[in-house]
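Since the structure comes first, as structure tokens, the remarks are kept for the end.
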Amino acid sequence: MPGSVTSVFSELEDFAAALHEEGCLDLLVTGRGEFRARLTQVALHRLRLGAAEERLPRIAVVAVPAEMILVSLPRGSEPAAIWGGLRIRAGEIMTLGAGQRLHARTDGPCRWGSI
């Protein structure tokens, strides 16, 4: 069913739960400070879009769900996540197939999008 939601998070556990459907299995903050994140999710008939802004460095373990692909892209001038050791730069995308597992980390404030 089509719909959209924008959420603001101050608790890591709530942010991790919101990312679970996208394949995020675990999330660990690696920096100090107050956790803040914003997540916008749009669901269409056969397509899900996501956009996030995060304030603290973190590591996520991601497993792409069956019958899905994950396309990750940077947003704006802030650095994007580092996927399996590869940093995505402006104008680049990372495509992951169903069943792929890897870690994604950020070094600090980060803005990213996913399809």
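The values are calculated or read from the model by the stated rules, or taken from the named source; none is laboratory data. Keep in mind it's a predicted model, so treat the numbers as computed, not measured. A quick note on method: Cβ atoms are made from the backbone with ideal geometry, for glycine too, and the neighbour counts reach across all protein chains shown. Heads up: the accessible areas ignore ligands, DNA and RNA and are worked out on the full protein's heavy atoms, side chains in. Shrake-Rupley method; radii C 1.70, N 1.55, O 1.52, S 1.80 Å.
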>> Let's test the formula: R0 of 35 Å, r as the Cβ-Cβ distance of Leu25 and Arg89. What FRET efficiency results, to the nearest 0.05?
In response: 0.85
>> What does the C-alpha gyration tensor say about the overall shape of the range 49-115? Classify as rounded when a/c is under 1.5, otherwise prolate if a/b is larger than b/c, or oblate.
In response: prolate
> Sorted by mean Cβ packing within 10 Å, highest first, what order do the peptides 22-29, 48-55 take?
Replying inline: 48-55, 22-29
>> Tell me the mean residue ellipticity at 222 nm calculated for the chain from its helices only (DSSP H runs of n ≥ 4, each -39500 (n - 2.57), averaged over every residue, nearest 500).
In response: -2000 deg cm²/dmol
>> Tell me whether the range 30-73 comes out rounded, prolate or oblate; compute the Cα gyration tensor, take square roots of the eigenvalues as a ≥ b ≥ c, and use a/c under 1.5 as the rounded threshold.
In response: oblate
>> In Å², and per residue, what accessible area does the chain have when probed at 1.4 Å with the other protein chains present?
In response: 59 Å²
>> What are the extents of the Cα atoms of the chain along their three principal axes, in Å, largest first?
In response: 38, 28, 25
> Roughly speaking, to the nearest percent, how much of the chain's 1.4 Å accessible area is carbon and sulfur?
Replying inline: 55 percent
> Working out 0.36 nm times the residue gap between Ser7 and Val71, then minus their Cα-Cα distance, what length gain in nm do you get to one decimal?
Replying inline: 20.9 nm
> Using a simple spin-label model with points 7 Å from Cα along the Cα→Cβ vector, what separation in nm is obtained for Ile59 and Arg101?
Replying inline: 1.5 nm
